Amino acid sequence: MKVAFNARTLSAPQLRGWSRYTSNLVRELTQLGVKVYLFSDRPLNEDMLKGCDSQNLVLVSERGYLYLDWEQRILPQLCQTYPIDILHCPINYGLPWRKNCPQVLTLHDAIEKVFYEKEKSILEKWSVPHLYVRGLHKLAQRASDLVITVSEHAKNDLVNQYHIHSEKIKVIYEAADPNFCEGSVYPLEELQKKFSIQGTYLFYVGGLEKRKNLKVLIDAFAALKEPRPQLVVAGGGQSMEEVKRWVLNQGLESQVRLLGWVEDSDLPSLYYHSRAFVYPSLYEGFGLQLVEAMTMGTAVLASNRTSLPEVLANPEATFNPESASELTHLLRRVLDDASFLQSLRKHSSERRQAFHWRKTAEQTLDAYSKLLLMP
């Protein structure tokens, strides 16, 4: 089977979101013996192709006049030239209307419609950039023969928000990167020295924007009785100053460590040595951080909203993300109840078996095969 990807996301300087998904899936498909062609209008970041079977990987870069010209004119030409059995676009948009093979689209969530659309002004909704991106997304949805998404919750959102037929959507879970393993963990003393961490700590990593709900986490942490552990927050972005103000308002500047962005190589150790990973997000299509934490055997507490209860699969460890007091109660249990903490760690060690990139690739390959058999 010859599978091509609209792979322009792999030209990014760092692994984030879509490029992380694409990199891991491509690696595993090539190791399964699938011939993978990566089509792009710009040079790819070859650091994202580490671990691929080079004998099953072909990189093709060809520019168009503009991106839309490349997507709608050059991409189908490349599919015909090579010739390709399946064209897969892993980035919510990017499929040509004129096609000469079955086309697969990965839609990771409907967050733009469910969450961000409500916050846009009328002018923003009718702006040229917004309408352009919206048009690309709609075109790709209609040009796809199969839609892959990453959770049952995301599937329901795609059906309800974008009116995609349920039968057209296949749910295939993501997984943690290969570096999430105990072999990547360095000693606690080294971690403490590098990040100025002292003693026991709770951990959060992710964005700092409004939907990530850091204010409730900080309020819940502030309600813990003294002596508190540290709260270590990794992540950055435009909301960093707002988060700093919340910390100052609670008088927690000596107890909350705001690390900013951290290297991927540091994350396994930050998860592993933490007392618990806490994720209070209001909306997630999947919630990769939960899988990363569980892969490291870390106790996990998560919001009971959207896809997070599905991924975590542990009702005892979820909380209402609008209730700081409910989260405070769980934090106290994690800190004071050794048997509860042990049960959370045991659950993580068992639940992580459901998430492997090899399994993701095998299920994706099975979906390709079934699509090729359709009349």
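In region 338-375, which residues are surrounded by 12 or more Cβ atoms within 10 Å (Cβ to Cβ), charged (D, E, K, R) and over 12 Å from THR295 (Cα atoms)? Of everything in region 338-375, those that are surrounded by 12 or more Cβ atoms within 10 Å (Cβ to Cβ), charged (D, E, K, R) and over 12 Å from THR295 (Cα atoms) turn out to be ARG358, LYS359, GLU362, ASP366. Taken over region 226-250, residues that are touching a helix residue (DSSP H, G or I) at 6+ places or on another chain (Cβ under 8 Å), without any contact (Cβ under 8 Å) to a residue 60 or more places away in the chain and over 21 Å from ALA175 (Cα atoms) amount to 9. Of the set (1) modelled with pLDDT under 90; (2) hydrophobic (A, V, I, L, M, F, W, C); (3) within 16 Å of ARG275 (Cα to Cα), all apply to LEU252 but (3). Residue pairs whose Cβ atoms lie under 9 Å apart, separated by 6 or more positions or on different chains, with the first residue in region 357-368 and outside the structural domain of ASN24 (by TED's automatic domain parsing) and without any contact (Cβ under 8 Å) to a residue 40 or more places away in the chain and the second of a type in the set (Ser, Thr, Tyr) and crowded, with 19+ Cβ neighbours inside 10 Å, do not occur. Take the residues in region 1-33 that are hydrophobic (A, V, I, L, M, F, W, C), surrounded by fewer than 22 Cβ atoms within 10 Å (Cβ to Cβ) and at pLDDT below 95; name whichever of them is farthest from the chain's Cα centre (by Cα). Here the answer is MET1.
Of all residues in region 74-91, which are of a type outside the set (A, V, I, L, M, F, W, C), in contact (Cβ under 8 Å) with a residue 40 or more places away in the chain and crowded, with 20+ Cβ neighbours inside 10 Å? Those that are of a type outside the set (A, V, I, L, M, F, W, C), in contact (Cβ under 8 Å) with a residue 40 or more places away in the chain and crowded, with 20+ Cβ neighbours inside 10 Å: HIS88, PRO90. Candidates are the residues of region 280-304 that are assigned to a loop (DSSP other than H, G, I, E, B) and over 16 Å from the mean Cα position of the chain (by Cα); the one that is surrounded by the fewest Cβ atoms within 10 Å (Cβ to Cβ) is ASN304.
Residues that are more than 27 Å from the chain's Cα centre (by Cα) and among the hydrophobic types (A, V, I, L, M, F, W, C) were ranked within region 189-226; the one that is surrounded by the most Cβ atoms within 10 Å (Cβ to Cβ) is ALA222. For region 46-71, the tally of residues that are in contact (Cβ under 8 Å) with a residue 60 or more places away in the chain and charged (D, E, K, R) stands at 1.
Of all residues being in contact (Cβ under 8 Å) with a residue 60 or more places away in the chain and part of a helix (DSSP H, G or I) in region 305-325, which is surrounded by the fewest Cβ atoms within 10 Å (Cβ to Cβ)? Just the residue, please. Among those residues, the one meeting the criterion is SER325. Would you check which residues across region 240-276 are in contact with a Ser or Thr (Cβ under 9 Å, 6 or more places away or on another chain) and among the aromatic types (Phe, Trp, Tyr) and list them? Answer for region 240-276, where residues must be in contact with a Ser or Thr (Cβ under 9 Å, 6 or more places away or on another chain) and among the aromatic types (Phe, Trp, Tyr): TYR271, TYR272. Within region 259-279, being out of contact with any Leu (no Cβ under 9 Å at 6 or more places or on another chain), at pLDDT below 95 and in a helix (DSSP H, G or I) holds for one residue alone: SER265. Only residues that are under 30 Å from SER254 (Cα atoms) and part of a helix (DSSP H, G or I): list them for region 183-199, please. Scanning region 183-199 gives SER184, LEU188, GLU189, GLU190, LEU191, GLN192, LYS193, LYS194, PHE195.
The values are calculated or read from the model by the stated rules, or taken from the named source; none is laboratory data. The model shown is predicted, which means the values in this text are computed figures rather than measured ones. Note that each Cβ is placed from the backbone with ideal geometry, even for glycine, and that neighbours are counted across all protein chains shown.
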